[in-house]
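Right, one structure below, let's go through it.
The values are calculated or read from the model by the stated rules, or taken from the named source; none is laboratory data. Just so it is clear, the model here is predicted, and its values are computed rather than measured. As a convention, Cβ positions derive from the backbone with ideal geometry for all residues, glycine included, and neighbour counts pool all protein chains shown.
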């Protein structure tokens with residue numbers, strides 16, 4: 001009996017020791033920064049779409065319980081600053097653009113916790129409609145420079161150039177500074193977000209994800225030569241400055257970084273005939289976004305993740321076909337006919353995908369939790385480790 005008791009106590013101690021070991025290591029802190037797609041516009045009603053694909057079914061099972069209710073992810077905490085203010089808590093759904101939405105943070109946190117096997121803290125800053133050329137512009141990039149062609153056009157239109165320059169100067173870098181301020185504020189009081197934080201052990205800045213781009217992609221004033229191969233080269237240069245500055249301002253010279261390259265619509269070589277007119281500028285922009293990862297100073301510590309690989313071509317095709325039906329039937333006046341036509345046009349699986357797959361516009365990755373879920377997972381899987389980043393591997 002004494003032997004059994006001794007063994008039981010020993011096992012309990014070993015188990016407790018294993019649990020405390022994870023909590024006695026520096027807390028792993030990950031930073032997520034960007035605009036509306038980092039905010040996340042996938043409505044929770046699209047979560048069942050994850051369960052319809054064997055590749056994403058495991059993610060669905062990690063997000064919800066057996067009753068389909070979203071779980072709170074154990075030992076993963078988040079502080080998110082966005083247009084609605086600051087929201088903190090244990091990671092679950094509702095840390096997207098509003099309380100009913102998710103962004104990449106959810107599957108990033110789930111996947112990263114599995115990867116590092118210890119508690120993590122996510123600090124997220126994201127606002128819709130923000131550019132790198134102005135809103136997120138960092139100090140070493142210098143002031144925003146108006147293209148000569150744009151100045152000539154403004155002068156021709158009789159615009160007040162001094163007022164325009166003043167407004168641009170005032171807006172420059174506002175959201176870069178808010179990002180740095182929020183990160184530092186959270187790091188100075190981690191216990192208010194993650195109650196089990198051990199200040200004696202401390203934390204480690206383990207990585208950052210940059211997922212932004214739409215406002216730069218479509219800005220013809222900032223990038224008037226975007227149809228040229230180097231038309232977005234100013235974005236490349238500004239992002240290089242941004243990476244240098246964020247590392248400097250966070251005192252993390254080798255901070256591992258993922259650049260989430262815009263991939264709305266999927267690989268450009270697969271664009272439909274209707275989308276061919278966008279192919280050239282989209283690819284030019286993606287090339288410029290990914291280019292900083294090839295800089296020699298960033299080798300091994302900065303990687304470009306092509307989010308085009310997470311695009312759901314099946315979902316997009318079904319939506320395109322349905323929109324064609326609506327155009328043919330003028331669906332606003334013939335909803336009953338549309339529903340009947342859908343039943344003979346789509347099979348049962350396609351009808352279900354049509355029902356639960358999409359919740360937003362294409363530039364928000366269709367508001368698809370399946371797409372954003374795969375993106376968040378890819379960010380976590382491909383983020384370099386601190387060790388590899390320090391070695392420049």
State which residue is nearest to the chain's Cα centre (by Cα) when the search covers only the stretch 150-160 and only residues that are assigned to a helix (DSSP H, G or I) and surrounded by 12 or more Cβ atoms within 10 Å (Cβ to Cβ). 150
Residue that is at pLDDT 95 or above, within 18 Å of the chain's Cα centre (by Cα) and closer than 30 Å to residue 184 by Cβ, where the choices are 33, 44: 33
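For residue 189, state whether it is touching a residue at least 60 places away in the same chain (Cβ under 8 Å) and surrounded by fewer than 13 Cβ atoms within 10 Å (Cβ to Cβ).
When the stated conditions are applied, residue 189 does not pass them.
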Among 366, 354, which is touching a strand residue (DSSP E or B) at 6+ places or on another chain (Cβ under 9 Å) and touching a residue at least 24 places away in the same chain (Cβ under 8 Å)? 366
Please go through the stretch 191-207 and pick out each residue that is out of contact with any helix residue (DSSP H, G or I) (no Cβ under 7 Å at 6 or more places or on another chain) and within 24 Å of residue 376 (Cβ to Cβ). 194, 205, 207
Of all residues in the stretch 290-300 being in contact with a helix residue (DSSP H, G or I) (Cβ under 7 Å, 6 or more places away or on another chain) and within 14 Å of residue 260 (Cα to Cα), which is surrounded by the fewest Cβ atoms within 10 Å (Cβ to Cβ)? 291
Got a sec? Which of 338, 354 is at pLDDT below 95, assigned to a helix (DSSP H, G or I) and in contact with a helix residue (DSSP H, G or I) (Cβ under 6 Å, 6 or more places away or on another chain)? 338
Could you give every pair whose Cβ atoms fall below 7 Å, whose first residue belongs to the stretch 37-58 and is without any contact (Cβ under 8 Å) to a residue 24 or more places away in the chain, and whose second residue is buried (at least 24 other Cβ atoms within 10 Å of the Cβ) and assigned to a helix (DSSP H, G or I), counting only separations of at least 6 or pairs across chains? 57/50
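Which helices (runs of 4 or more DSSP H) sit wholly inside the stretch 217-329 and have at least 1 residues that are closer than 21 Å to residue 129 by Cα and free of Cβ contacts under 8 Å to residues at least 40 places away in the same chain? Break it down into steps so the answer makes sense when it comes.
On the way: elements: 233-249, 276-290, 313-329.
The helices (runs of 4 or more DSSP H) meeting that bar are 276-290.
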Determine whether residue 312 is touching a helix residue (DSSP H, G or I) at 6+ places or on another chain (Cβ under 7 Å), surrounded by fewer than 20 Cβ atoms within 10 Å (Cβ to Cβ) and under 23 Å from residue 213 (Cβ atoms). no
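Just to be sure, is residue 132 surrounded by 12 or more Cβ atoms within 10 Å (Cβ to Cβ), assigned to a strand (DSSP E or B) and under 26 Å from the mean Cα position of the chain (by Cα)?
Criteria not met by residue 132.
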I'd like to know if the stretch 241-254 contains one or more residues that are more than 20 Å from the chain's Cα centre (by Cα), crowded, with 19+ Cβ neighbours inside 10 Å and farther than 23 Å from residue 382 by Cα. no
Of the residues in the stretch 24-36, how many are out of contact with any helix residue (DSSP H, G or I) (no Cβ under 9 Å at 6 or more places or on another chain) and either buried (at least 24 other Cβ atoms within 10 Å of the Cβ) or within 17 Å of residue 91 (Cβ to Cβ) (or both)? 1
